[in-house]
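The values are calculated or read from the model by the stated rules, or taken from the named source; none is laboratory data. Bear in mind the structure is a predicted one, so any value in this text is a computation, not a measurement. Neighbour counts are summed over all protein chains in view; Cβ atoms, including those assigned to glycine, are modelled from backbone coordinates with ideal geometry.
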Amino acid sequence: MSDTTLPSQDLHEDDVAAIDHLRATYAGLRAELAKVIVGQDDVIEQLAICLFARGHSLLMGVPGLAKTLLVSRLAETMSLSFSRIQFTPDLMPMDITGTEILQDNGTGRREFEFAKGPVFANIVLADEINRAPSKTQAAMLEAMQEHRVTVAGHSFELHPPFFVLATQNPIEQEGTYPLPEAQLDRFMFMIGVDYPSRDEEIMIARTTTGETFPRLAPLLDGETVIRFQQLVRRVPVPDHIYHFAVDLVRRTRPETPEAPEWLKPLVGWGAGPRAVQYLILGARARAALLGSYMVRQEDVIAVASPVLRHRIIKTFTAESEGVTSRSIIARLIEELTKEA
């Protein structure tokens, strides 16, 4: 065990025990999900990081990669309410938030009563969020940001924990409404869901074509999730980790002197300060999930791609040359690590 994983002087004894509990619980979650989900270890880790860091995720992947199954079973292992919203061009904001319905109160008088929409759940899957018009997307994103919805002048709180997972299909863009960069920035992670390996695909064929899926044991409730979310924000971060995160983000901005020359023709706009916040929060959550009592540089590196990939706006030159955001981030990390 390295010295960075030993209990920190800044960490209370109760927090040390809580981190050990979180690590054991996370191992149990992975074991339960492995009963129905084959592979996707990185996706599961990133979803857990987002949940315990109190962030939201955008999943990118082609159909059939078990995104919906993974999210619903994750909610099952945590005893959290789950709802799925299928975004379509005719979906209206009230279809998400809910609406007021005229009801008879039993005394002969009629009154409006608010009927809650599917956004009133602990885990919400916004399936193909880019297929709904802008005003519907805005209603969903307002709920994510404010943790409440406003209907007919009345505000209704969304009870924590509240976790939104939106999906986008990268291969069908006809008739869609792409999310603006300012709205993409509200997602802590953009998680890439890739095809499984050959061995994993054989295992999928063997385990998912039987009669029924096994039921998963609930390991967490809402109150415990909230306590772990509070714990994550108390994980100590050394000063050099803050410097590393800030230097990495600043290098993504082509107009700053910190940006390398090779990046300037490839990136039109870099990541903002929110990226630094999410790098630190994500690193804190990852450290706690893996049982570390202090954030390490490898924790920041592990969350850098999902934090930055949707915050780096590439130029036409990068698009035409097939340069990806992932490759830009990987090169920046490599150069910064060598300098450190």
Query - From Val267, Val225, Val232, Val276, residue being β-branched (Val, Ile, Thr), under 21 Å from the mean Cα position of the chain (by Cα) and more than 23 Å from Glu32 (Cα to Cα) - result: Val276
Requested in this report: Check every one of the helices (runs of 4 or more DSSP H) wholly within segment 20-111 and list those with 2 or more residues that are farther than 21 Å from His159 by Cβ.
Outcome: 41-52, 67-77
Query raised in the report: Exactly one of (1) modelled with pLDDT of 80 or more; (2) touching a Leu at 6+ places or on another chain (Cβ under 9 Å); (3) in a loop (DSSP other than H, G, I, E, B) is unmet by Gln229. Its number?
Result: (3)
Query - segment 210-226, residues that are under 30 Å from Ala283 (Cβ atoms), hydrophobic (A, V, I, L, M, F, W, C) and not in a helix (DSSP H, G or I) - result: Leu216, Ala217, Leu219, Leu220
Query raised in the report: Going by the conditions given, is Ala139 under 19 Å from Val193 (Cα atoms) and either in contact with a Ser or Thr (Cβ under 9 Å, 6 or more places away or on another chain) or not hydroxyl-bearing (Ser, Thr, Tyr) (or both)?
Result: no
Report task. Scan segment 1-33 for residues that are of a type in the set (Gly, Ala, Ser) and either exposed (fewer than 14 other Cβ atoms within 10 Å of the Cβ) or modelled with pLDDT of 90 or more (or both) and jot them down. Result -> Ser2, Ala17, Ala18, Ala24, Ala27, Gly28, Ala31
Query raised in the report: Of (1) in contact with a helix residue (DSSP H, G or I) (Cβ under 7 Å, 6 or more places away or on another chain); (2) under 26 Å from Ala330 (Cα atoms); (3) at pLDDT 80 or above, Leu158 satisfies all except one. Which?
Result: (2)
Query raised in the report: loosely packed, with under 15 Cβ neighbours inside 10 Å and modelled with pLDDT of 80 or more: does that describe Ile202?
Result: yes
Query raised in the report: Do we have Ser72 as in contact with a strand residue (DSSP E or B) (Cβ under 6 Å, 6 or more places away or on another chain) and within 30 Å of Ile202 (Cβ to Cβ) here?
Result: yes
Query raised in the report: Can you name every residue in segment 292-316 that is over 21 Å from Pro178 (Cα atoms), out of contact with any Asp or Glu (no Cβ under 9 Å at 6 or more places or on another chain) and of a type outside the set (A, V, I, L, M, F, W, C)?
Result: Arg296, Gln297, Glu298, Asp299
Query raised in the report: Counting only residues that are acidic (Asp, Glu) and farther than 24 Å from Val71 by Cα, which one in segment 97-136 is modelled with the lowest pLDDT?
Result: Asp104
Query - Selection within segment 55-81 - surrounded by fewer than 20 Cβ atoms within 10 Å (Cβ to Cβ) and modelled with pLDDT of 85 or more - result: Met60, Ser81
